[in-house]
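Data first, discussion second: the structure below is written as structure tokens.
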Amino acid sequence: MLDLKALREDTAACKQALAKKRVSPESVDRMLTLDEEKRQIQTQLENLQAEHNRRAEAISTATPADRPKMVEESKALKDKFKFLEPTLLKLGNELNELLFTTPNLAHDSVPEGNNEDDNVEISRWGTPPDIKNPQDHVALATRLDILDLDRAAKIAGARFSVLKGYGAKLERALGAFMLDTQTKAGYQEVIPPYLVNPESMFGTGQLPKFEEDLFKVPFGDDKLYLIPTAEVPVTNLYRDEILDETILPLRHCALTPCFRSEAGSAGKDTKGIIRQHQFHKVELVSFCKPDQAEQELERLTGHAEAVLQALELPYRKIVLCGGDMGFSAHKTYDLEVWIPSQNTYREISSCSWFSNFQARRASIRYKGESTGGKTQLVHTLNGSGLAVGRTWVAVIENYQQPDGSITIPKVLQPYLHGLEKITSL
RNA sequence: GGAGAGAUGGCUGAGCGGUCGAAAGCGACGGUCUUGAAAACCGUUAGGGGCGCAAGCUCCUCGGGGGUUCGAAUCCCUCUCUCUCCGCCA
């Protein structure tokens with residue numbers, strides 16, 4: 001969430017950065033007004049409370065004879081400020097409602113724009129393979145009997161898949177390869193819970209605004225949510241903690257299933273397994289000091305790129321425009337892999353810097369020598385390294401042979417006991 | 001699922017209605033001493049918010065929430081979590 005103090009002190013700049021993310025200046029003004037009113041009442045209330053505290057203390061040392069009168073006075077004073085409490089609460093709630101649903105500021109370098117058409121390509125790597133009449137992954141994989149969408153639909157529904165035989169093995173190999181790559185790059189592996197509480201979803205910004213995108217599970221009197229990405233449990237690892245600055249940057253990676261309701265994406269990517277309710281993803285998460293963050297984003301994005309390069313999959317890197325960025329993001333790079341059957345690049349990784357937006361929500365701080373012993377919010381970053389399901393699709397399609405078989409990328413072969421080609425089960 | 005015990009500052013742990021954001025020990029940091037280090041000694045050491053140019057003043061927080069009271073870490077209610085025993089179980 002945003003820093004109200006910064007919003008107060010640097011209103012014009014904040015409005016500008018928020019405009020990129022389609023937040024109106026009126027909405028900012030509304031928050032500032034509420035904030036102003038709230039602080040005024042808070043000061044008023046606290047002054048009366050201070051007086052009340054002084055009287056209570058005086059009673060403790062007063063003579064028994066004086067006490068009854070003093071107690072009466074104290075009671076009367078309390079009546080004078082009790083009514084302010086609900087007012088303060090109401091203003092606070094109203095302010096929070098806005099604050100909690102206002103997106104992060106965009107970084108200066110983020111291009112203006114409303115949607116994906118305004119994203120800016122940064123670079124390309126590799127050359128799309130020359131395949132005549134490329135087949136899509138569904139056709140290829142179904143024929144090889146490594147993918148079964150019909151039975152997936154039967155047992156769960158649309159947007160689910162069943163991988164079989166070498167299809168399942170390939171998925172597992174990809175996950176293991178990615179994890180090995182990232183742990184070698186310095187990310188400590190974690191296996192977090194796949195269900196999390198509402199506080200965690202709030203911490204990373206999924207709640208309260210995007211509840212409809214999540215799978216919710218009733219649990220006793222409360223509820224849990226299936227994680228849409230490992231970003232949620234891994235970032236929340238350090239919620240409500242103060243880290244020693246010497247451990248920063250702190251880098252984790254995790255391979256988890258991800259669950260998304262895909263509400264609102266009806267009709268999009270209905271063919272194949274590009275957009276699923278459940279998929280695997282290796283996530284990279286980093287916590288660092290503010291002055292390390294910009295560089296950390298480049299680094300982390302590079303680690304995601306390294307996987308694509310090792311797999312020799314052609315891709316491009318783009319920077320998202322303000323209008324296409326996620327709610328919590330300060331700056332985002334997307335990596336898009338070449339999908340032959342669609343003759344285009346498709347998102348396979350999204351790497352974001354969240355400035356202190358998530359850290360403020362989740363209360364993740366650090367301190368040390370450089371902060372003079374004071375606590376300060378960390379910056380959080382994360383990125384896919386990579387989405388396993390989409391990588392699976394990319395491998396199947398980019399490595400397809402005229403006879404319908406799939407050759408296995410060299411780096412993956414050790415993970416498949418030396419298998420060089422999938423020809424059938 | 002049944003029975004019991006507990007949750008206090010970085011850690012251990014006291015406090016069980018007033019002067020307690022909180023003893024003591026440990027740890028950490030700063031200083032004295034030392035060629036340097038250790039030891040010893042002295043000091044500092046929770047988080048969040050409001051007002052203020054600042055110095056400073058002040059509010060809230062002793063697992064979370066609510067209540068009783070002039071006053072709560074201390075009393076009551078409730079929730080969560082941890083531990084022990086029994087049962088069940090991947």
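Among A:Arg365, A:Arg316, A:Arg361, A:Arg346, which is part of a helix (DSSP H, G or I) and among the basic types (Lys, Arg)?
Matching residue, one of A:Arg365, A:Arg316, A:Arg361, A:Arg346: A:Arg361.
Can you tell me which residue among A:Thr101, A:Thr87 is farther than 30 Å from A:Asn47 by Cα, polar (S, T, N, Q), in contact (Cβ under 8 Å) with a residue 24 or more places away in the chain and surrounded by 11 or more Cβ atoms within 10 Å (Cβ to Cβ)?
On the way: A:Thr87 fails: farther than 30 Å from A:Asn47 by Cα.
Testing whether each residue is farther than 30 Å from A:Asn47 by Cα, polar (S, T, N, Q), in contact (Cβ under 8 Å) with a residue 24 or more places away in the chain and surrounded by 11 or more Cβ atoms within 10 Å (Cβ to Cβ) leaves just A:Thr101.
Conditions (1) on the phi < 0 side of the Ramachandran plot; (2) aliphatic (A, V, I, L, M); (3) touching a Leu at 6+ places or on another chain (Cβ under 6 Å); (4) surrounded by fewer than 18 Cβ atoms within 10 Å (Cβ to Cβ), marked per residue:
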residue: A:Tyr238; (1), (2), (3), (4): yes, no, no, no
residue: A:Ile242; (1), (2), (3), (4): yes, yes, no, yes
residue: A:Phe259; (1), (2), (3), (4): yes, no, yes, no
residue: A:Glu262; (1), (2), (3), (4): no, no, no, yes
residue: A:Ser265; (1), (2), (3), (4): yes, no, no, yes
residue: A:Lys271; (1), (2), (3), (4): yes, no, no, yes
residue: A:Arg275; (1), (2), (3), (4): yes, no, no, yes
residue: A:His280; (1), (2), (3), (4): yes, no, no, no
residue: A:Glu296; (1), (2), (3), (4): yes, no, yes, no
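Go through segment A:37-61 and report how many residues are more than 8 Å from RNA strand B (Cβ to nearest atom) and in contact with a Lys or Arg (Cβ under 9 Å, 6 or more places away or on another chain).
Residues that pass the stated criteria total 1.
Considering segment A:343-375 alone, what residues qualify as being surrounded by fewer than 24 Cβ atoms within 10 Å (Cβ to Cβ), in contact (Cβ under 8 Å) with a residue 60 or more places away in the chain and touching an Asp or Glu at 6+ places or on another chain (Cβ under 9 Å)?
Residues satisfying the conditions are A:Arg346, A:Asn356, A:Arg360, A:Ser363, A:Arg365, A:Lys367, A:Gly368, A:Glu369, A:Ser370, A:Thr371.
From the residues in segment A:376-396 that are farther than 15 Å from A:Asn236 by Cα and open to solvent by 20 Å² or more (accessible area, probe 1.4 Å), which one is farthest from RNA strand B (Cβ to nearest atom)?
A:Arg390
For segment A:24-39, indicate whether the set of residues that are out of contact with any Phe, Trp or Tyr (no Cβ under 7 Å at 6 or more places or on another chain), closer than 21 Å to A:Gly323 by Cβ and open to solvent by 90 Å² or more (accessible area, probe 1.4 Å) is non-empty.
Looking through segment A:24-39, at least one residue is out of contact with any Phe, Trp or Tyr (no Cβ under 7 Å at 6 or more places or on another chain), closer than 21 Å to A:Gly323 by Cβ and open to solvent by 90 Å² or more (accessible area, probe 1.4 Å).
What number of residues within segment A:132-156 are open to solvent by 40 Å² or more (accessible area, probe 1.4 Å) and either outside any loop (DSSP other than H, G, I, E, B) or under 19 Å from A:Arg390 (Cα atoms) (or both)?
Counting residues in segment A:132-156 that are open to solvent by 40 Å² or more (accessible area, probe 1.4 Å) and either outside any loop (DSSP other than H, G, I, E, B) or under 19 Å from A:Arg390 (Cα atoms) (or both) gives 11.
Give me the residue from segment A:283-297 that is out of contact with any helix residue (DSSP H, G or I) (no Cβ under 7 Å at 6 or more places or on another chain) and either more than 28 Å from A:Lys374 (Cβ to Cβ) or among the polar types (S, T, N, Q) (or both) and, out of that set, modelled with the highest pLDDT.
Ranking the qualifying residues of segment A:283-297, first place goes to A:Gln295.
Test A:Glu171 against the stated conditions and say whether it is more than 16 Å from RNA strand B (Cβ to nearest atom), touching a Leu at 6+ places or on another chain (Cβ under 6 Å) and not in a loop (DSSP other than H, G, I, E, B).
Against the criterion (more than 16 Å from RNA strand B (Cβ to nearest atom), touching a Leu at 6+ places or on another chain (Cβ under 6 Å) and not in a loop (DSSP other than H, G, I, E, B)), A:Glu171 qualifies.
The values are calculated or read from the model by the stated rules, or taken from the named source; none is laboratory data. All values derive from a computational prediction rather than experimental measurement. Positions of Cβ are generated from backbone atoms using ideal geometry, with glycine treated the same way; all protein chains shown enter the neighbour counts. Heavy atoms of the whole protein, side chains included, go into the accessibility calculation; ligands, DNA and RNA do not. Shrake-Rupley method; radii C 1.70, N 1.55, O 1.52, S 1.80 Å.
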